[in-house]
Amino acid sequence: MTAFLAAFFVRDAIHPHLPPGFPFLTFFPAVILSTYLCGAVAGLVCATLSGLAAWYFFIPPLHTFAVDETVLTALGLYAAVVGINILLIHLMQRAVAELTRTEAAARALLDQRGHLASELERETELRRMHERLAEHSLLLDLALKAADAGTWHYSVASGRALLSAEMARQHGLGDAEIEVDLRQDWQPLVHPDDAARTLADLEGAIAARGTFVSDFRIPLPTGDTHWLSCIGRVETGPAGEADWVVGLTLDVTVRKLAECRSEHLARHDPLTGLPNRMQFQECFLQEIARVKRGGPPFALLCLDLDRFKAVNDTLGHAAGDALLMIVADRLRSVVRTEDTVARLGGDEFVVIQIGATGTNDTRVLSERIAEAIAAPLEIEGHPVEIGVSIGLALVPHDGVDPDAVYRVADRALYRAKAEGGRLRPPSA
């Protein structure tokens with residue numbers, strides 16, 4: 001519009017001096033700009049209106065559409081120049097648009113390629129993760145089977161537990177996964193000495209939101225007893241409340257039996273099975289402590305076999321070991337269940353006689369011991385004759401100091417040994 005008005009006023013002011021085609025040139029930038037900004041159709045419309053305006057207002061005779069050679073020439077040139085420019089701009093814009101679309105398509109292709117590459121990488125990683133999980137699951141399953149381990153899930157709200165097939169077998173409940181009520185179904189299966197403690201351990205772990213660890217025994221219908229070791233973790237809900245306890249149960253029967261054997265060997269003589277020096281010391285100190293608290297008196301009898309060295313030297317160490325086992329059995333047969341008989345080493349034995357108030361009580365037991373040991377016996381077809389020397393001390397008559405009491409009995413033993421094996425009380 002600005003160009004049009006400027007051209008109109010210039011033409012009106014200097015109309016006689018301008019060539020006929022000049023007004024068309026004044027509208028040419030408007031046509032080009034319209035085409036560039038709004039497209040070929042808008043450019044054609046602008047060119048047509050501009051041409052008609054120039055023809056009507058600026059080409060003599062004014063205010064007419066007179067046609068002569070000059071007007072035709074001017075209109076032809078105007079149409080050619082404008083048409084060529086509009087066409088060129090249109091072609092250029094199409095080329096630019098096509099290039100833009102191509103670039104956009106290329107970018108979209110690159111983006112799609114990147115997305116596909118990312119998806120492929122993610123799918124590859126997921127596949128690898130699944131493969132690793134499957135491998136770990138297989139290894140875990142193999143480990144659980146190799147360790148005879150069972151798994152369990154305990155619902156705190158319902159009080160019921162889901163036991164795996166392996167754990168069901170451990171409890172003697174068949175070979176399939178099973179759900180049980182902890183107190184009604186599971187507790188009766190556990191050894192009475194372990195059930196309450198195990199449940200208390202579980203409740204403590206739930207209250208502390210911590211780890212549950214407990215060992216307990218399962219008596220089976222076959223008569224065997226299995227030791228199971230449980231470890232579990234408390235799972236909490238959104239508000240921090242305990243929802244589940246998930247865990248693992250291992251059959252540790254072999255380990256427990258080995259521990260029991262180790263503990264037995266640590267406190268018992270491996271040859272005779274009698275308590276060893278360590279357990280004798282514990283029992284001796286316990287009885288002295290009981291006497292100090294007003295408990296019953298007791299007697300300490302120290303025993304040493306007569307003629308044992310001759311048997312050992314003549315028939316060999318194997319025969320000596322066999323003789324010691326026979327002596328141990330005979331000692332067991334003559335003492336009461338509340339009394340203690342132990343082997344200190346070699347052919348030395350001790351007996352703790354509970355409730356002995358004087359030498360008369362100990363004399364009866366000593367005579368039974370002497371008779372039992374002196375009874376005829378054969379080892380590897382050879383008749384063997386042995387005897388026993390016995391020294392004794394009375395508690396609290398001879399004191400309540402452990403070392404002093406033992407020295408009293410030991411001295412009495414050596415006097416008995418020197419006198420041919422008679423029983424020697426401490427005062428003798």
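The values are calculated or read from the model by the stated rules, or taken from the named source; none is laboratory data. Quick caveat: nothing in here was measured; it's all calculated off a predicted structure. Positions of Cβ are generated from backbone atoms using ideal geometry, with glycine treated the same way; all protein chains shown enter the neighbour counts. Ligands, DNA and RNA are stripped out before the accessible areas are found, and what is left, the full protein with its side chains, is counted by its heavy atoms. Shrake-Rupley method; radii C 1.70, N 1.55, O 1.52, S 1.80 Å.
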From the list A289, A299, A328, pick out the single residue that is among the hydrophobic types (A, V, I, L, M, F, W, C), more than 13 Å from V384 (Cβ to Cβ) and assigned to a strand (DSSP E or B). A299
Test T253 against the criterion of being among the β-branched types (V, I, T), modelled with pLDDT under 85 and under 34 Å from the mean Cα position of the chain (by Cα), and give yes or no. yes
All but one of (1) open to solvent by 30 Å² or more (accessible area, probe 1.4 Å); (2) under 19 Å from H153 (Cα atoms); (3) touching a strand residue (DSSP E or B) at 6+ places or on another chain (Cβ under 7 Å) hold for H191; state the number of the condition that does not hold. (2)
Just one of A342, A412 is at pLDDT 90 or above, surrounded by 16 or more Cβ atoms within 10 Å (Cβ to Cβ), out of contact with any helix residue (DSSP H, G or I) (no Cβ under 6 Å at 6 or more places or on another chain) and of a type outside the set (S, T, N, Q); which is it? A412
Could you tell me whether any residue of segment 90-101 is within 60 Å of the chain's Cα centre (by Cα), in a helix (DSSP H, G or I) and at pLDDT 75 or above? yes
If we scan segment 237-249, do we find a residue that is under 30 Å from G273 (Cβ atoms), touching a residue at least 40 places away in the same chain (Cβ under 8 Å) and of a type outside the set (S, T, N, Q)? no
Return yes or no: is R128 exposed (fewer than 15 other Cβ atoms within 10 Å of the Cβ), in a helix (DSSP H, G or I), at pLDDT 85 or above and out of contact with any Asp or Glu (no Cβ under 7 Å at 6 or more places or on another chain)? no
Looking across segment 355-374 at residues that are β-branched (V, I, T) and surrounded by fewer than 19 Cβ atoms within 10 Å (Cβ to Cβ), the single one that is modelled with the lowest pLDDT is T359
For segment 358-372, which residues satisfy the criterion of being among the aliphatic types (A, V, I, L, M) and in contact with a helix residue (DSSP H, G or I) (Cβ under 6 Å, 6 or more places away or on another chain)? I369, A372
